Amino acid sequence: SAISDSPRNSVSEPHSSFGKVFGGAKNEAVTDDAVSEGAGAPTFHGYDHITWWVGNAKQAANYYSTLFGLPTFAYRGLETGSRYFASYAVGHHRGGGAADSATGDDHDNVCFVFTSPIRSYRHLPDNEPISDADRALLREMHDHLERHGDAVKDVCFTVDSVEGVYQQATAEDGVGSKDAQGRVVGVQPPTQVYDKQYGGSITTAVIRTYGDTTHTLLNRGDYKGPFLPGFRAVEAKKSPASKTPAPSSFKPVVMAPAPEVGLKRIDHCVGNQDWDEMEAACEFYERRLGFHRFWSVDDSQICTEFSALKSIVMSSGGNADTVKMPINEPAAGKKRSQIEEYIVFNSGAGVQHIALRTGDIIKAVSSLRARGVQFIDVPSTYYTALRERLAASAAGSGMKLAWHISDEQLAVLEQLNILIDYDEGGYLLQLFTKPLMDRPTVFIEIIERNNFEGFGAGNFKSLFEAIEREQAERGNL
Ligand code: TYF
Ligand code: FE
């Protein structure tokens with residue numbers, strides 16, 4: 001049946017039979033090793049934004065504005081003096097990442113940045129007045145596009161101490177400051193950048209993680225601008241003012257405003273690894289960033305008739321475990337798994353999906369569907385099995401539940417093809433878009449949590465079978 005095995009995978013349930021739960025405390029031995037003297041455990045406040053490198057940032061920004069209700073609020077490009085790159089910041093950004101991390105309240109901070117090169121690297125004239133740094137970045141961006149297509153480049157966290165985290169991440173600690181593939185971890189040492197236009201400054205540093213993905217460590221200090229230095233605010237577009245009154249024969253076309261989506265924050269951001277790379281990627285987060293293992297499942301638990309995967313959720317700890325970076329790797333199966341398909345089309349490791357949290361998934365998904373977002377659909381047998389399980393609980397023969405979803409709510413969830421995973425104390429509602437680009441690589445998850453911090457393990461089988469049907473259409477099984 002669809003969610004037949006016990007989906008008890010919450011952190012509060014240490015006896016989970018589905019998914020392994022780790023203690024809440026950090027791995028002290030590892031952390032002590034890695035922290036250089038004087039530096040305390042780093043504090044992560046949350047996700048600030050996620051940067052994608054794409055072929056056409058203008059269109060990508062429009063796609064996420066129109067389909068996901070994330071308006072462009074800041075821009076840099078030719079008009080702001082950026083001669084080689086254009087960037088659009090979309091979403092709702094409330095500077096500083098997670099102002100409410102102490103309370104665990106929603107941060108109302110969902111922000112993507114789409115960046116494109118706007119000049120060729122190979123065809124720059126000999127006398128092009130470009131800085132060495134911009135020339136190197138132009139080359140890196142074109143290489144990235146060739147290798148990965150439109151893809152996530154950087155996941156930016158707001159931190160208390162950029163210097164502290166960077167120092168820990170790059171410390172000579174027996175492994176040296178190189179990652180498992182022998183590459184230097186430090187990409188950009190801590191740098192303070194002032195903003196002449198808006199005032200104030202930010203501090204950033206950049207480190208390398210899996211694949212070509214990086215993490216920017218950001219402290220917004222006293223920064224006053226709309227997003228980051230170099231960006232200028234973009235206001236919502238108004239219709240052009242005209243002095244001459246419109247002729248009465250002219251009936252302007254007026255579109256109904258698109259329904260609001262209500263995405264609140266980035267819940268987690270998952271990285272796919274190549275074969276046998278998961279452990280090293282997890283160790284990276286433990287040793288370099290002081291993360292701990294929050295939850296895991298292995299291939300005996302996540303498998304369909306055809307394919308399997310392993311997954312470990314790495315978490316920053318601290319208030320409400322604000323930053324969660326699950327790591328997947330393929331496992332042996334009869335056919336090519338979705339992780340292997342990703343690895344082929346992405347040419348290696350990278351960000352697989354970004355989960356966006358909402359407080360009202362019915363409203364969010366209704367709106368997203370109306371806007372044209374395409375989701376992966378599970379068969380109706382999923383809901384038949386779910387109803388049986390919930391009925392058993394209600395009759396006292398199943399899991400004892402401290403929460404309730406009415407038949408009517410369940411019917412609405414089925415209409416929208418929203419998936420449910422739960423334990424005794426709470427539940428989550430989630431669903432997944434189809435891949436967002438031609439390469440079957442990155443997708444987005446929409447998630448609502450109700451006292452349940454698990455990762456939808458009870459949905460994995462149905463979900464992966466649905467994904468496999470799509471893979472088959474792509475000729476990848
Ligand atoms: O939050 C979740 O439930 C997802 C599940 O390839 C998931 O992370 C895991 C692996 C995968 C697709 C979805
Ligand atoms: Fe997820």
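The values are calculated or read from the model by the stated rules, or taken from the named source; none is laboratory data. Everything numeric here is computed off the predicted structure, so don't read it as measured data. Neighbour counts are summed over all protein chains in view; Cβ atoms, including those assigned to glycine, are modelled from backbone coordinates with ideal geometry.
Results, tabulated for the structure shown:
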quantity: Residue, surrounded by the fewest Cβ atoms within 10 Å (Cβ to Cβ), within region 102-130, restricted to residues that are of a type outside the set (Gly, Ala, Ser) and modelled with pLDDT under 95; calculated: 103
quantity: Qualifying residue in region 254-261 (condition: within 20 Å of the chain's Cα centre (by Cα) and under 28 Å from residue 185 (Cβ atoms)); calculated: no
quantity: All positions within region 261-297 that are more than 12 Å from ligand 1 (Cβ to nearest atom) and closer than 30 Å to residue 372 by Cβ; calculated: 261, 262, 263, 264, 265, 266
quantity: So residue 95, is it in contact with a Ser or Thr (Cβ under 7 Å, 6 or more places away or on another chain), closer than 21 Å to residue 214 by Cα and either modelled with pLDDT under 95 or among the small types (Gly, Ala, Ser) (or both); calculated: no
quantity: First in region 346-369 and more than 16 Å from residue 278 (Cα to Cα), second anywhere and more than 14 Å from ligand 2 (Cβ to nearest atom) and small (Gly, Ala, Ser), Cβ under 6 Å, 6 or more apart; calculated: 358/262; 358/364; 360/262; 363/262; 364/262
quantity: Members of region 161-180 that are touching a residue at least 60 places away in the same chain (Cβ under 8 Å), within 25 Å of residue 270 (Cβ to Cβ) and surrounded by fewer than 17 Cβ atoms within 10 Å (Cβ to Cβ); calculated: 175, 180
quantity: Test: residue in region 431-442 that is within 14 Å of ligand 2 (Cβ to nearest atom), closer than 24 Å to residue 304 by Cα and in a loop (DSSP other than H, G, I, E, B); calculated: yes
quantity: Lone unmet requirement of (1) at pLDDT 95 or above; (2) surrounded by 10 or more Cβ atoms within 10 Å (Cβ to Cβ); (3) in a loop (DSSP other than H, G, I, E, B) for residue 268; calculated: (3)
quantity: Any hit, region 390-412, residues being under 28 Å from the mean Cα position of the chain (by Cα), within 21 Å of residue 268 (Cβ to Cβ) and either among the basic types (Lys, Arg) or in a helix (DSSP H, G or I) (or both); calculated: no
quantity: Any chance residue 372 is free of Cβ contacts under 8 Å to residues at least 12 places away in the same chain and at positive phi; calculated: no
quantity: Residue that is among the polar types (S, T, N, Q), more than 16 Å from ligand 1 (Cβ to nearest atom) and at pLDDT below 90, where the choices are 307, 316, 242, 300; calculated: 242
quantity: Residue 258 being touching a residue at least 24 places away in the same chain (Cβ under 8 Å), more than 16 Å from ligand 1 (Cβ to nearest atom) and within 30 Å of residue 371 (Cβ to Cβ); calculated: yes
quantity: Single unsatisfied condition, residue 401 versus (1) hydrophobic (A, V, I, L, M, F, W, C); (2) within 27 Å of residue 62 (Cα to Cα); (3) in contact with a Ser or Thr (Cβ under 8 Å, 6 or more places away or on another chain); calculated: (2)
quantity: So residue 203, is it in contact with a Gly (Cβ under 7 Å, 6 or more places away or on another chain), in contact (Cβ under 8 Å) with a residue 60 or more places away in the chain and away from ligand 1 (no atom under 16 Å from the Cβ); calculated: no
quantity: Residue match in region 221-233 (condition: assigned to a loop (DSSP other than H, G, I, E, B), surrounded by fewer than 13 Cβ atoms within 10 Å (Cβ to Cβ) and within 16 Å of ligand 1 (Cβ to nearest atom)); calculated: no
quantity: Qualifying residue in region 358-372 (condition: hydroxyl-bearing (Ser, Thr, Tyr), surrounded by fewer than 16 Cβ atoms within 10 Å (Cβ to Cβ), more than 16 Å from ligand 2 (Cβ to nearest atom) and in a helix (DSSP H, G or I)); calculated: no
quantity: From 445, 468, residue being near ligand 1 (Cβ under 10 Å from one of its atoms), in contact with a Leu (Cβ under 9 Å, 6 or more places away or on another chain) and in contact (Cβ under 8 Å) with a residue 24 or more places away in the chain; calculated: 445
quantity: Search result, residues across region 223-282 that are of a type in the set (Asp, Glu) and more than 28 Å from residue 448 (Cβ to Cβ); calculated: 235, 274, 276, 277, 279
